[in-house]
Amino acid sequence: MIAEAIEASKALVKAVPLLGGSTSTADYKSALELIDYLFEHDEENPLIEFLSAKIESYERQHADFVPFNQAVENLPRGVEALRQLMKDYGLKQSDLREEIGGKSLVSQILSGKRSLTVEHIRALAVRFNVPTSLFID
């Protein structure tokens, strides 16, 4: 059993080098393709968890991602969550008129010039059916 597990892990790393610690961009892209395929065709596959961890580690450490990671870290948590929800729902700034106000105010919030108010946070939580804590920095 031990020998079989060792051989299986070697074969897996050979097939998916990112799992073995590869820092190659090509291996990273191949891992992304594989995880996309698994999500589409075999979403219960345990390989998803391993790949997700390695992809996250690669994206956290690789030089290509440093500027992006720093920009994300500097964004208030609430704004980051709002951006992602807008992307997920295909919303434009003008679509948040009821929850935040005009397009200009939404733009100022997304750019970090203004902050979300308590009223904005409550309205956004209701609209997206998420906890208010998601929008609190």
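The table below lists the values:
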item	result
Hey, residue 40 more than 16 Å from the chain's Cα centre (by Cα) and modelled with pLDDT under 95 or not	yes
Matching entry among 77, 97 (being open to solvent by 60 Å² or more (accessible area, probe 1.4 Å), more than 30 Å from residue 13 (Cα to Cα) and either modelled with pLDDT of 90 or more or of a type in the set (Val, Ile, Thr) (or both))	97
Segment 38-57 - residue that is touching a residue at least 24 places away in the same chain (Cβ under 8 Å) and open to solvent by 40 Å² or more (accessible area, probe 1.4 Å) and, of those, farthest from residue 116 (Cα to Cα)	50
From 83, 60, residue being under 21 Å from residue 131 (Cα atoms) and surrounded by 10 or more Cβ atoms within 10 Å (Cβ to Cβ)	83
Residue selected from segment 25-37 under the condition open to solvent by less than 60 Å² (accessible area, probe 1.4 Å) and touching a Leu at 6+ places or on another chain (Cβ under 8 Å), by the criterion modelled with the lowest pLDDT	35
Near pairs, Cβ below 9 angstrom, 6+ apart or cross-chain, from segment 122-137 (farther than 14 Å from residue 84 by Cα) to any residue that is part of a loop (DSSP other than H, G, I, E, B) and aliphatic (A, V, I, L, M)	123/100; 136/116; 137/116
Condition met for residue 94 (among the hydroxyl-bearing types (Ser, Thr, Tyr) and either over 29 Å from residue 60 (Cα atoms) or touching a strand residue (DSSP E or B) at 6+ places or on another chain (Cβ under 8 Å) (or both))	yes
Residue within segment 7-17 that is more than 16 Å from the chain's Cα centre (by Cα), without any contact (Cβ under 8 Å) to a residue 40 or more places away in the chain and outside any helix (DSSP H, G or I) present	yes
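The values are calculated or read from the model by the stated rules, or taken from the named source; none is laboratory data. This structure is a prediction, so every number in the text was calculated from the model and none was measured. Cβ atoms come from the backbone with ideal geometry, glycine included; neighbour counts cover every protein chain shown. Accessible surface areas use protein heavy atoms only, side chains included; no ligands, DNA or RNA. Shrake-Rupley method; radii C 1.70, N 1.55, O 1.52, S 1.80 Å.
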